[in-house]
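See below for the structure under consideration.
The values are calculated or read from the model by the stated rules, or taken from the named source; none is laboratory data. It should be emphasised that the depicted structure is a prediction, and the values quoted were computed from it without experimental measurement. Heads up, the Cβs are rebuilt from the backbone with ideal geometry, glycines too, and the neighbour counts pull from every protein chain shown.
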Amino acid sequence: MGKQAPAAAVEPFLPFAKPEIGQEEIDEVVDTLRSGWLTGGPKVQAFEQGFREVTGAAHAVALSSCTAGLHLALLACDIGPGDEVVTTPLTFAATVNVILHVGAKPVLADVREEDYNIDLAEVERLITPRTKAIMPVHYGGQPCRMDELLALARDRGLRVIEDAAHALGAQYRGRPIGALSDAAVFSFYPIKPITTGQGGMLTTDDEALAERVRLLSLHGLSKNAWNRYTETGTAEYQVLAPGFNYSMTDIQAAIGIHQLRRLEAFQARRTELAQQYDRLFSDLPEVIRPPVLDDIVHSWHLYPIRLDLDRLTISRSEAIDELRARGIGTSVHFIPIHFHPYYHDALGLRPGDFPVTERIYAGLISLPLYPRMDDSDAERVAGAVREIVEASRR
Ligand SMILES: Cc1ncc(COP(=O)(O)O)c(C=O)c1O
């Protein structure tokens, strides 16, 4: 047998995201399973209470997803056929889908280079007598210009429903996201700032809105399952609206209770990693780092770099392939709404309609950023980006 070259050390795959689930979450889930209350019970109530404390909102309603919460918020604001809702093209499909689900028309306003968030001058330009609400997205965890947005909404008599899927822990001018507008809705999908597997939370200071959302989240029943099945509850209930089955289970909430307690530590670690990336890319002009405004606290859900493709010989997708070949998972947030065939056809949108979004999207790559990463992971990612960029300079 001839001598074999030693196998090159292959570094393990670093996924784009990986949730941090600890023993407390596991124990709480087991406790829930043993307790007999699997949904609509005490763990959901405790998770909602924790959320009220973290966001400062008077009401919090736990739901099966952020999408469910956005859908119910629109319904609770009486938005329906004939109405228009202004939102951003640089978002996930769910933001736009819920507007379509209530029969309203999504109207897209381009974003700003300064923060990749909705451009209020564009929003203003697009308001018509049919406009009923603005649905801003706090892209990647950086809050929108909420004072200006709320002033515009107030001036024009519009509701504001925040898609806060990315923004748990974020603050705008010293105020947490969650109690600024008519409603904010957070996501607990596994890659988000905290997770419950799937799940969402709607927060609001508006009691009537919260009650409507709660009612619609449980089939439109007048009494929730907790009331129906407790010792003192009554089996009688009435259906007051054709609702949905959108409530959160106690199994999800059991995870969420502990995730929420760890939010501060998670966010601190995400912030450190983002700062580390910033340092590691500071001398690489082909890599445009995510912009950060100075009067906000970022949740750092995402660390989206932009490759300056004019300076490089490779495309964004080739760069993603090169990163994957080096064992690094990435993602793209987001393929703009108007690039998807459905919206392209249904809303009559075309490439070229949102030039700022398209310019940002062209080189956009979200790098791994999560509390389980250590400094050497971030160094490895940044080193791989550097290698790819240096090998493909024009
Ligand atoms: C901006 C945005 N809005 C809404 C959602 C939907 O959240 P969920 O998966 O909890 O329904 C997501 C992602 O999942 C998102 O990124």
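Each row is one residue, and each column tells you yes or no for (1) among the basic types (Lys, Arg); (2) within 21 Å of Gly243 (Cα to Cα); (3) touching a Pro at 6+ places or on another chain (Cβ under 9 Å); (4) within 14 Å of the ligand (Cβ to nearest atom).
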| residue | (1), (2), (3), (4) |
| --- | --- |
| Ser181 | no, no, yes, no |
| Ala184 | no, yes, no, yes |
| Gly197 | no, no, yes, yes |
| Glu207 | no, yes, no, no |
| Ser217 | no, yes, no, yes |
| Gly220 | no, yes, yes, no |
| Lys223 | yes, yes, no, no |
query: Consider Pro190 against the criteria (1) more than 16 Å from the ligand (Cβ to nearest atom); (2) surrounded by fewer than 17 Cβ atoms within 10 Å (Cβ to Cβ): it satisfies all of them except one. Which criterion is unmet?
result: (1)
message: Can you say whether Leu293 is in a loop (DSSP other than H, G, I, E, B), at pLDDT 95 or above, touching a helix residue (DSSP H, G or I) at 6+ places or on another chain (Cβ under 9 Å) and within 27 Å of Glu114 (Cα to Cα), as far as the supplied structure shows?
response: no
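Residue by residue, here is whether (1) farther than 19 Å from Thr87 by Cβ; (2) in contact with a Leu (Cβ under 6 Å, 6 or more places away or on another chain); (3) not basic (Lys, Arg) holds:
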{"site": "Asp294", "(1), (2), (3)": "yes, no, yes"}
{"site": "Arg306", "(1), (2), (3)": "yes, yes, no"}
{"site": "His333", "(1), (2), (3)": "no, yes, yes"}
{"site": "Ile365", "(1), (2), (3)": "yes, no, yes"}
message: Out of the residues in region 109-133 meeting the condition of being under 22 Å from Ala362 (Cα atoms) and of a type in the set (A, V, I, L, M), tell me which one is farthest from the chain's Cα centre (by Cα).
response: Ala109
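Take the residues in region 328-343 that are within 21 Å of Arg380 (Cα to Cα) and within 16 Å of the ligand (Cβ to nearest atom), then tell me which one is surrounded by the fewest Cβ atoms within 10 Å (Cβ to Cβ).
Of region 328-343, the ones within 21 Å of Arg380 (Cα to Cα) are 328-332.
Remaining after also requiring within 16 Å of the ligand (Cβ to nearest atom): 330-332.
On the way: Thr330: 21, Ser331: 17, Val332: 13.
Only one residue tops the list, namely Val332.
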- request: Return yes or no: is Ala58 within 22 Å of Thr203 (Cβ to Cβ) and surrounded by fewer than 16 Cβ atoms within 10 Å (Cβ to Cβ)?
  value: yes
- prompt: Applying the selection to region 344-373, what residues are within 16 Å of the ligand (Cβ to nearest atom) and either surrounded by fewer than 20 Cβ atoms within 10 Å (Cβ to Cβ) or in a helix (DSSP H, G or I) (or both)?
  reply: Thr357, Ile360, Tyr361
- prompt: Restricting attention to region 79-108, which residues are more than 17 Å from the chain's Cα centre (by Cα), under 22 Å from Ser217 (Cβ atoms), in contact (Cβ under 8 Å) with a residue 24 or more places away in the chain and not in a strand (DSSP E or B)?
  reply: Ile79, Gly80, Asp83, Leu100, His101, Val102, Ala104
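Report the residue count in region 202-234 for those that are assigned to a loop (DSSP other than H, G, I, E, B) and either polar (S, T, N, Q) or under 23 Å from Lys43 (Cβ atoms) (or both). I'd like the intermediate steps shown before the answer.
We begin by selecting, within region 202-234, every residue assigned to a loop (DSSP other than H, G, I, E, B); these are 205-206, 219-220, 222-224, 230-234.
Filter once more, so that each one left must be either polar (S, T, N, Q) or under 23 Å from Lys43 (Cβ atoms) (or both): 219, 222-224, 230-234.
The qualifying residues number 9.
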query: Out of region 49-74, which residues are assigned to a helix (DSSP H, G or I) and within 16 Å of the ligand (Cβ to nearest atom)?
result: Phe51, Cys66, Thr67, Ala68, Gly69, Leu70, His71, Leu72, Ala73, Leu74
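Would you check if there is a residue in region 116-133 being at positive phi, more than 15 Å from the ligand (Cβ to nearest atom) and not in a helix (DSSP H, G or I)?
Step one: of region 116-133, the residues at positive phi are 116.
Subset that is more than 15 Å from the ligand (Cβ to nearest atom): none.
So far as region 116-133 goes, no, none of its residues is at positive phi, more than 15 Å from the ligand (Cβ to nearest atom) and not in a helix (DSSP H, G or I).
Do you know which residues across region 164-177 are more than 15 Å from the ligand (Cβ to nearest atom) and either in a loop (DSSP other than H, G, I, E, B) or polar (S, T, N, Q) (or both)?
Initial filter on region 164-177 (more than 15 Å from the ligand (Cβ to nearest atom)): 169, 171-176.
Within region 164-177, Gly169, Gln171, Arg173, Gly174 meet the criteria.
Suppose the filter is within 23 Å of Asp83 (Cβ to Cβ) and crowded, with 18+ Cβ neighbours inside 10 Å; does Glu162 pass it? Before you say what the answer is, go through the steps one by one.
Working: within 23 Å of Asp83 (Cβ to Cβ): yes; crowded, with 18+ Cβ neighbours inside 10 Å: yes.
So Glu162 fits the description; yes.
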message: Which of the numbered conditions does Tyr237 fail, given that it passes all the others? Conditions: (1) surrounded by fewer than 18 Cβ atoms within 10 Å (Cβ to Cβ); (2) under 19 Å from Gly50 (Cβ atoms); (3) aromatic (Phe, Trp, Tyr).
response: (2)
query: Quick check, is Ala179 touching a residue at least 12 places away in the same chain (Cβ under 8 Å), within 28 Å of Glu20 (Cβ to Cβ), crowded, with 24+ Cβ neighbours inside 10 Å and small (Gly, Ala, Ser)?
result: no
